[in-house]
Amino acid sequence: MTDATTNLKLPPSGAPLPHSVCVLPFSPTAPEALSEAQKKVYLAPQLTLMWWKFKRHRLALASGIFLLVLYASILICEFLAPYDYQSRHVDFIRSPPQRVHLFHEGTFVGPFVYGRKYELDMNALRRTYTEDRTRVEPIRFFCRGDPYMFWGLIKGDRHLFCPAEGGTLFLLGTDRLGRDMLSRMIYGARISLTIGLIGITVSFTLGIIIGGLAGYYGGTFDLVVQRVIEIIQSLPHIPLWLALSAIMPPSWSPIAVYFTITLILGLMDWTGLARAVRSKLLSLRENDYVVAAQLMGASTPRIVFRHLVPGFMSHLIASATITIPTMILGETALSFLGLGLRPPITSWGVMLNEAQNINVVVLYPWLVFPVVPVIVVILAFNFLGDGLRDAADPY
Amino acid sequence: MRSLRLLLVFAAAFFAGPAHAGADLSLEAPILKEEVASRRLPPVEKRLPSEPRVINVAELGGQPGKNGGTLRFLMGDARDIRMASLYGYTRLVVFDTKGTLVPDILLSADVQEGRIFTFKLRPGHRWSDGQPFTAEDFRYWWEDVANNERLNPDGPPAQMLVAGEKPTFEVVDETTVRFTWNAPNPSFLPSLAAAQPAQIMMPAHYMKQFHKKYADPNRLASLVAQEHVKDWGALHDRKSRWYRPENPELPTLSPWRPRTTPPAELFVFERNPYFHRVDENGRQLPYIDTMTMSIGSSSLVPAKVGSGAADLAARYIRFEDYTFLKAGEQRNDYSVRLWERGEGSYASLVPNLNVSDPVWRALFRDVRVRRALSVGFDRHTVNQVIFFGLAHEGANTVLPDSPLYDPKLDQAWAKYDPDLANKLLDEAGLNRRDDDGIRLLPDGRRAEITIETAGDSTEESDILELVGYDWQKIGIKLFVRATQRDVLRRRVIGGNVMMSVWPGMDNATPAPDMDPSALAPMDSMQFQWPLWGQYQSTMGREGEKPDMPAVVELITLKNDWSHSTTTEERRRIWSRMLEINAEEVFSIGVVNRVKQPVVVSNRLRNVPIEGVYGFEPGAYFGIYMPDTFWFDDVAKAN
């Protein structure tokens, strides 16, 4: 401690202070020096922090993984489904689900199903199926089954699992034309899950652009946008869907109808988001860094999208995960009412539409099974959204 | 003079009263006993016409019953209360179960030279309000309604005209009227017996209060204001509507009279104490006192019926509901019977020959295309998958119950033959295909047919799905579009619908004497040729002039039928018209003779085990006379 400061002597009172500069190196973190482990935590980037926070929300994490798996599966649904979703089995109409067994008469066989005997009960006019305990039909894996066009491009006939040669494998039963319910649900997921993503893209693009500009500019533009949003929000949805689906030309292919429906869902849904974006922007635009950017001559889009939007990105992500289920439900509701998708396209909504009568509930309850994935997926999205919202503000 | 006679009738009734005060009430319906005893209602022999129509219930295969009970129906729409007019099936003349015309309200209908119709009424027949039913009711309709400028600006309805000429109407006496045309009018009697018949009389004593000619102008004006209608004509129309019985005050001749003014959830119909039919024991019909129609959602009808909420039900119940209903038989004390449906085809695919798309119009008018589409799908699969093999695979034509049935026509172009279909389509100029194997139209578009349905039947969409699989193999792509009944009608007439699904011939068990209008363009409701039908029904004012030779021949044949005098001649015309329809495949039948589940309470007697369920000629249950059905409460107690 023999440096300059120790030698410093105060001048007599009344005399000016001498100019002095500390020549020692200065470290602002010196008072609280961080260990390597501490550095990792305290200097972690925003995203890492969010991830840590998110990880602690177990349910959200599980939901997220579940959804990732589900979305990955729709890429390869041709491979996953044991049957083609259109292949009919005239001898197995409305066949109840087959149970998977492992042991046959005490010996281990591996996963197999028992064969089915089919009888026509002409008195009750009902097809009855009984298990034929003598016919053991082991499930085959990575096998050849119904041919398909993978993504409509590559010919293939490999399936993850298929019935034994000459046997059947209806794990969730069959519908009224003898089509495998499980395969139809796997293919249906492709439509039902993506309709949410496409819809959300449309509604987010519109919501962020319109809401962003309204919030940033304010004034007359904001006023007009707000009134338009009010009008759109006050339109009753179902009659509007009815009208829109009625004007869709019947000659359109089901794929075109599908895209139009996602578009309709997206066009109806952006208003809430636009409001949220606008109010966020109203508060953020008063910040000093915005003034600074303006003074430096940044253009409006740059200010909005480069400086302002990242400020509430976390909010956007959370609200997206909560909006996707609404879209899925929207499609299901539309198709349930018979306004949405039409055969031969299949979705969970289409399948539920086909299941809505007393006969199904009483006699063929397995046809209502597509309700389960709808519920599970929507719950998963809600948990995920919940977790993301918590994680979005990690401090 | 008339009023004097009326007075005399009343006087007679009054003075005859005391003699019956302590009389035998055993034949009286229990519900009416008190009213009769207290002389608020004349006794049954005074209420019946002097010559009532005697229904020999035992001879019909039933057993004579007793009065009482409530017959509950479930309906899907308030407009369905017209079922009361159908189930009652009371007409001037009616068809019996063998298809012959018998007088019902009339005592006799005498026809000379096919053009002079003399109708004799039953003396002493009364409307449900107790007023006499006489020739005056016919005269009022003909002179003051049919020929009234305000009520019928276009003159009398088409059934009353032969080659545009009106009949001469005369009142011969109090109970006899006569219509005379210059040429034969073979459709006159069948149209009176139809499920929705031509109306040629009205309760004059009641309707006169709404008629400008008879009513007190001040009172009429206040009535018009009170009912919020435009003028007296609209009021008269509204008050005289009987087919859909919305006016409980309108006197009726049916077995049950309406007691509820719409809008309502539950419509009640009470026995008509003046009904003109009796059973062999002299007991006045209907046996059942009250009929109720409960209005709810049509999709819930099967569920409600399955829980025992109806005593008799067939409407809104489909073949596929049978299994479910059968399961509830024990629990809810009903039984499910399988009747046969009476239409020519349960669902038929109807190509629109007047579609606005010129390419498809030309194709549909090519008989090879229609035939190819018909042989291009497998009816057997449809039958097996949807109807358990219980239906009959065939074209849209008459059923074996009809004397005009011909198995050759039934199977014409109805056998699955994809090779033939391919050959016919190739010949018709659809020989180019794209990569998916779908044929290309002459203008390069894909051969995609959109079939529109009324959208209320899953069976229809299943049939179409199966048809679609087979058509795909012959290079035709099928899309299904579900709309609503009324929307579909409008779109068909507008030429926007390429092909629709609709039940086949309404009356598939016709006799030669019945009108063959369904086989030729006659009105715009025929989905295969809406514009040609419109042209015919409007005498060429609207629509398009038919230009296909086969269709022109059908119209000529229909006109020949209208001028025919003998049954033999009519049989020949019918056969030829059926043959043309079968060969030209104007509508593509899928299956017919489909079973119709009929749910009958175990307490209800006299409902046939087997029957034909159809609108024409039977008015659904009407032809089996629900007025002879009765409740056996003893059976329930046991």
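Per-structure values
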quantity: Some residue of segment B:366-375 being within 14 Å of chain A (Cβ to nearest Cβ), in a helix (DSSP H, G or I) and aliphatic (A, V, I, L, M); calculated: no
quantity: Elements of type helices (runs of 4 or more DSSP H) contained in segment A:298-395, each with 3 or more residues being more than 14 Å from every other protein chain (Cβ to nearest Cβ) and under 23 Å from residue A:186 (Cβ atoms); calculated: A:313-336, A:371-392
quantity: Test result for residue A:272, more than 14 Å from chain B (Cβ to nearest Cβ), without any contact (Cβ under 8 Å) to a residue 40 or more places away in the chain and either crowded, with 22+ Cβ neighbours inside 10 Å or more than 24 Å from residue A:346 (Cβ to Cβ) (or both); calculated: no
quantity: Hey, residue B:413 more than 14 Å from chain A (Cβ to nearest Cβ) and in contact (Cβ under 8 Å) with a residue 40 or more places away in the chain or not; calculated: yes
quantity: Residue in segment B:520-528 that is hydroxyl-bearing (Ser, Thr, Tyr), within 14 Å of chain A (Cβ to nearest Cβ) and touching a helix residue (DSSP H, G or I) at 6+ places or on another chain (Cβ under 7 Å) present; calculated: no
quantity: Hits in segment B:440-452 (condition: of a type in the set (Asp, Glu) and part of a strand (DSSP E or B)); calculated: B:448, B:452
quantity: Any hit, segment B:495-511, residues being surrounded by fewer than 18 Cβ atoms within 10 Å (Cβ to Cβ) and within 14 Å of chain A (Cβ to nearest Cβ); calculated: yes
quantity: Residue that is outside any strand (DSSP E or B), in the same structural domain as residue B:548 (by TED's automatic domain parsing) and in contact with a helix residue (DSSP H, G or I) (Cβ under 9 Å, 6 or more places away or on another chain), where the choices are B:305, B:355, B:359; calculated: B:355
quantity: Residues located in segment A:120-139, provided they are within 12 Å of chain B (Cβ to nearest Cβ) and either surrounded by 13 or more Cβ atoms within 10 Å (Cβ to Cβ) or in contact with a strand residue (DSSP E or B) (Cβ under 6 Å, 6 or more places away or on another chain) (or both); calculated: A:120, A:121, A:124, A:125, A:126, A:127, A:128
quantity: Boolean, residue A:221 is among the aromatic types (Phe, Trp, Tyr), more than 14 Å from every other protein chain (Cβ to nearest Cβ), in contact (Cβ under 8 Å) with a residue 40 or more places away in the chain and assigned to a helix (DSSP H, G or I); calculated: no
quantity: Single match in B:455, B:437 (criterion: in a loop (DSSP other than H, G, I, E, B) and either farther than 15 Å from residue B:347 by Cα or more than 39 Å from the chain's Cα centre (by Cα) (or both)); calculated: B:437
quantity: Residues that are in a helix (DSSP H, G or I) and more than 9 Å from chain A (Cβ to nearest Cβ), drawn from segment B:465-480; calculated: B:467, B:470, B:471, B:472, B:473
quantity: Odd one out for residue B:233 among (1) closer than 30 Å to residue B:259 by Cα; (2) part of a loop (DSSP other than H, G, I, E, B); calculated: (2)
quantity: Selected residue [surrounded by 21 or more Cβ atoms within 10 Å (Cβ to Cβ), within 14 Å of chain A (Cβ to nearest Cβ), of a type in the set (Asp, Glu) and in contact with a strand residue (DSSP E or B) (Cβ under 6 Å, 6 or more places away or on another chain)] from B:460, B:448; calculated: B:460
quantity: Single residue of A:69, A:41 found to be over 15 Å from residue A:388 (Cα atoms), modelled with pLDDT of 80 or more and not aromatic (Phe, Trp, Tyr); calculated: A:69
quantity: Complete set of residues in segment A:91-111 that are surrounded by 19 or more Cβ atoms within 10 Å (Cβ to Cβ) and aromatic (Phe, Trp, Tyr); calculated: A:92
quantity: Residues that are among the aromatic types (Phe, Trp, Tyr), closer than 16 Å to residue A:113 by Cβ and within 14 Å of chain B (Cβ to nearest Cβ), drawn from segment A:59-101; calculated: A:92
quantity: Number of positions in segment B:408-458 that are closer than 17 Å to residue B:375 by Cβ and not hydroxyl-bearing (Ser, Thr, Tyr); calculated: 24
quantity: Residue in segment B:339-351 that is crowded, with 24+ Cβ neighbours inside 10 Å, over 22 Å from residue B:69 (Cα atoms) and polar (S, T, N, Q) present; calculated: yes
quantity: Counted residues, segment A:113-154 - those being touching a helix residue (DSSP H, G or I) at 6+ places or on another chain (Cβ under 8 Å) and of a type in the set (Val, Ile, Thr); calculated: 0
quantity: Subset of segment B:424-434 [surrounded by 15 or more Cβ atoms within 10 Å (Cβ to Cβ) and either within 14 Å of chain A (Cβ to nearest Cβ) or part of a helix (DSSP H, G or I) (or both)]; calculated: B:424, B:425, B:426
quantity: Index of the failed condition, residue B:279 passing every other in (1) in contact with a Phe, Trp or Tyr (Cβ under 7 Å, 6 or more places away or on another chain); (2) modelled with pLDDT of 90 or more; (3) buried (at least 18 other Cβ atoms within 10 Å of the Cβ); calculated: (1)
quantity: Qualifying residue in segment B:330-352 (condition: more than 31 Å from the chain's Cα centre (by Cα) and either of a type in the set (Asp, Glu) or in a helix (DSSP H, G or I) (or both)); calculated: yes
quantity: Residue within segment A:82-90 that is closer than 30 Å to residue B:329 by Cβ and surrounded by fewer than 16 Cβ atoms within 10 Å (Cβ to Cβ) present; calculated: yes
quantity: Residue satisfying condition, being aromatic (Phe, Trp, Tyr) and touching a Leu at 6+ places or on another chain (Cβ under 7 Å), within set B:364, B:319, B:387; calculated: B:364
quantity: Counted residues, segment A:44-66 - those being of a type in the set (S, T, N, Q) and modelled with pLDDT under 85; calculated: 2
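Yes/no matrix, rows are residues, columns are (1) within 14 Å of chain A (Cβ to nearest Cβ); (2) over 29 Å from residue B:625 (Cβ atoms); (3) in contact (Cβ under 8 Å) with a residue 24 or more places away in the chain:
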| site | (1), (2), (3) |
| --- | --- |
| B:288 | no, no, yes |
| B:291 | no, no, yes |
| B:295 | no, no, yes |
| B:327 | yes, yes, no |
| B:343 | no, no, yes |
| B:351 | no, yes, yes |
| B:356 | yes, yes, yes |
| B:359 | yes, yes, yes |
| B:381 | yes, yes, yes |
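The values are calculated or read from the model by the stated rules, or taken from the named source; none is laboratory data. Fair warning: this is a prediction, and the values are worked out from it, not measured in the lab. Every residue, glycine among them, receives a Cβ derived from its backbone with ideal geometry; neighbour counts consider all protein chains shown.
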